[in-house]
């Protein structure tokens, strides 16, 4: 199906939950949330749809325009490792990595010479010296926002009793990414490529579909009552969860394969298109 004819799709009448990825989907190529998308979200929530943003990022990196939006009651962050109720900020579901597994990721990163980002309630941690070249740090911070530098991430997490909820390896090239994947692909972790040369790691069995299933239990809904839309490797699980799944035109090949339908790009007001598809 092409992006031009996707509005001809017949969406079931009992859709109640709309889950939309942020980067590369709901946000445009400049990382902005368009007024058209915000207005479409308002119209969906006014009609009783539960609209849930989801992201590999932590809650602090989600635009305040969405966190403070009156009709948005839930966030799924850290690629499904955390589900938060708004506006209270109460964590309804959390599944961090064990300390043993987080330490293993740090060791493997050092052995392979790759920067490891640790997503924690205290921010995104990065060890001093993890990136050899200054331009690499600039690229990294542009991708994930300002990280918190620490001398020894393992010691910091132990001393501050900090749990690691997700890790991302920022690789120099595809070859390094492949070596890391091979070193970690033993069933201990959930692995996916979320962006070019970025290997994302959560606890085994934890992904965006996990977060959605936690919400389905709370809201007493079925997967068939969910519409999902995304663009990257960490969206594959939620695109496979429901028959009402869409990949944006700019999506990674694995996301397009997982989705039932292809839609417009993230620069064409995706939420507005969803609202129209739902007849709003």
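The values are calculated or read from the model by the stated rules, or taken from the named source; none is laboratory data. Not measured: the values here are computed from a predicted model. Here the Cβ positions follow ideal geometry from the backbone for every residue, glycine too, while neighbour counts run over all protein chains shown.
Points worth noting:
- In the set (1) out of contact with any strand residue (DSSP E or B) (no Cβ under 6 Å at 6 or more places or on another chain); (2) crowded, with 17+ Cβ neighbours inside 10 Å; (3) part of a helix (DSSP H, G or I); (4) at pLDDT below 95, residue 42 fails one condition alone, (4).
- Failed condition for residue 96, given (1) assigned to a helix (DSSP H, G or I); (2) under 20 Å from the mean Cα position of the chain (by Cα): (1)
- Yes/no for residue 241 being surrounded by fewer than 16 Cβ atoms within 10 Å (Cβ to Cβ), within 24 Å of residue 13 (Cβ to Cβ) and either in contact with a strand residue (DSSP E or B) (Cβ under 7 Å, 6 or more places away or on another chain) or at pLDDT 95 or above (or both): no
- Entirely in segment 141-245, the helices (runs of 4 or more DSSP H) that have 1 or more residues that are touching a helix residue (DSSP H, G or I) at 6+ places or on another chain (Cβ under 7 Å) and assigned by TED's automatic domain parsing to the domain that holds residue 78: 208-219, 236-241
- Residue-level check: of (1) part of a helix (DSSP H, G or I); (2) under 20 Å from residue 154 (Cα atoms); (3) in contact with a strand residue (DSSP E or B) (Cβ under 6 Å, 6 or more places away or on another chain), residue 126 misses just (1).
- Considering 214, 167, the condition of being surrounded by 16 or more Cβ atoms within 10 Å (Cβ to Cβ) and within 13 Å of the chain's Cα centre (by Cα) is satisfied by 167 alone.
- Some residue of segment 259-273 being part of a helix (DSSP H, G or I) and surrounded by fewer than 18 Cβ atoms within 10 Å (Cβ to Cβ): no
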